[in-house]
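In what follows, a structure is listed as structure tokens, so that the remarks can point back to it.
Quick note: the coordinates plus some simple rules give every number you see, no bench work behind them. From a predicted model like this one, the values you see are computed outputs, not experimental measurements. Cβ sites come from the backbone with ideal geometry, for glycine too, and all protein chains shown count toward neighbours.
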């Protein structure tokens, strides 16, 4: 038989969706590689809401260190986020929020905007229509009390003696989630001191003749905690002075002991702000090394950029991913369009491990220099000393990773699982080093399993029902119960480590199966929302040995198919948290949420389905010319509904991962693991 040569034109062409996905993935990989820092890490901007910027300006006013350049640049950013009705939302295209609007208004007054200016008059009118200052959250009224715009006596009491409660007593500080704990301890000092600085201007225009806040019912837990607050107010007047002084000193020591090497606290902005105020009230001057380092760390949360100045009340363009200043980089010179946005925290470990997973799954060689550099950086970031988590797990050796550049006190379970999954995709020149790091991490994650078989983000069994009942705690979630998304990531990691049949992994799988919603979805604690939860859980279940034909997986597939948008993408609004019946799986299509849905469907064996084809096509067609995606919508979550996040790298890493798995198939470790 004579062999024949097949001309290229006769080669069967691949499906159009696959060709489009391959081209889109190639462009996206190139874009993502270009964003890597020479040190090996990735970090996109972490955008939240203008309260971060407003509170930064109020802190400077309280400490007597206003900065005209910072005021002007921050004011430009705040004005650019004002909605047409005069209010400020807490996420893109969301409804106005009262406390955010009050804080933004005060910040603009500090920047010199007159109350009669049209954008300011619209804001104050909106505030009055929605109940005025009296209806604001506790944290906003604390800021107002610092300047005499609100009475300390009308705020919930938080005594510093709380620091002495043993861990077995309800409402001890370790009953609170780590983010709340780091905020509440310094605020006990502020609450005890009740400082007032002279107000730079009155705020009468923000007061409304509204009915007082609704009181707690006469019976039940809320009534009990309201009576407890009244008792604490009475105690404030008769507190035993030696005990109060000792408690204040103990709280100060607690704060100082938890300051990170870079001067921050927990790698997040709010605890740093309140810790600086508290220590200043305790007599630490601004030149003291603790406060000097703390203030310098806050400057590193600022992202500076230049853009055309937006007029008052006119929303500006979203902050571009990678468009801000890198951590530690000096600010740019003054310019008319200079804008300053404050990040609530920074996400280099999270962004880096997700970027490595994305690039590896998109076909980048496992020994590519970019992946090896990233692995080296992540290995250097592993935490090997105990933190506050060890209060509940005193005998457990450390081995986790945190979210931020500097946060040795609070490694988190989610990052640790994803870093392991990233490291196992890299062919590192020192595999023994990787094995040792992964071994420490796996042991730590297993040791952080809660009693119910699931995992929270930072602590074990942080599920007390009492902290959320406190009148003081109206600012969002203050405990850290296990969640489906974190548990799924740990289960997936354990499966990759050959521990799918381990009883601890099976308990996690059982918990996930029991947590599935009746419609087939899973709740997303740290991403928005049911699309994120489902996109996290299905790949984990399949990795752990649950077959694609399992009823739970089929229900999830059915739900994702039902909520797919007409344009082929997926999206979910933040309102799915308070109003799940009307918003679950509903919202404008976004690149990150479309990718989450595709990751679940691909893991479930739906690669050739119409839903996957339409989703992949949507990603390919909406990609920008430079290989990224526009995503002004907030798809991340700090506190469900109360604190929303736009991770600017999500629009890149998750589509790259989904497109890569569509083109190359489901991933696996770069070398066999133990069975």
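Rounded if a/c is under 1.5, else prolate if a/b is larger than b/c, else oblate: which is the stretch 347-435, with a ≥ b ≥ c the root eigenvalues of its Cα gyration tensor? Because a/c hits 1.5 or more and a/b exceeds b/c, the stretch 347-435 counts as prolate.
Given the alpha-carbon gyration tensor of the stretch 578-626, what are the semi-axes of its equivalent ellipsoid in whole angstrom, ordered largest first, with each equal to the square root of 5 times an eigenvalue?
They are 21, 17, 8 Å, listed from largest to smallest.
Per residue, the average separation of C-alpha pairs within less than 8 Å and at least 6 apart gives the stretch 52-187 a relative contact order of 18 percent. Using the Cβ-Cβ distance between residue 233 and residue 16 with R0 set to 56 Å, the FRET efficiency from 1/(1 + (r/R0)^6) comes to roughly 0.25. Report note on the peptides 532-542, 513-523: ranked by the mean count of other C-beta atoms within 10 Å, highest first, their order is 532-542, 513-523. Note on semi-axes √(5λ) of the Cα gyration tensor in Å: of the candidates [x] 50, 30, 23; [y] 43, 29, 24; [z] 71, 27, 21, the value calculated from this structure sits at [y]. Among 385-396, 289-300, the peptide with the highest mean count of other Cβ atoms within 10 Å heads the list, and the full ranking is 289-300, 385-396. Taking a ≥ b ≥ c as the square roots of the eigenvalues of the Cα gyration tensor, the stretch 437-569 is classed as oblate, since a/c reaches at least 1.5 and a/b does not exceed b/c. Between the stretch 27-64 and the stretch 122-188, the alpha-carbon centres lie 26 Å apart. Each residue in 236, 77 was given a count of other beta-carbon atoms within 10 angstrom of its own, and listing them fewest first yields 236, 77. Kindly list the residues of the stretch 152-168 that lie in the label zone of residue 207, defined by a backbone N under 13 Å from the point 7 Å along the Cα-to-C-beta vector. Within reach of a label on residue 207: no residues.
Decide, for the stretch 499-620, between rounded, prolate and oblate: order the square roots of the alpha carbon gyration tensor eigenvalues as a ≥ b ≥ c, take rounded if a/c falls under 1.5, and otherwise choose prolate if a/b is larger than b/c, else oblate. Note, shape of the stretch 499-620 comes out oblate. Sorting 172-181, 33-42 by average packing, meaning the other beta carbons within 10 Å per residue, from highest down gives 172-181, 33-42. As a length-normalised measure over Cα pairs under 8 Å and 6 or more apart, the relative contact order of the chain settles at 17 percent.
Before anything else, pin down the relative contact order of the stretch 358-404: Cα pairs under 8 Å, at least 6 apart, normalised by residue count, whole percent.
Across the stretch 358-404, relative contact order equals 32 percent.
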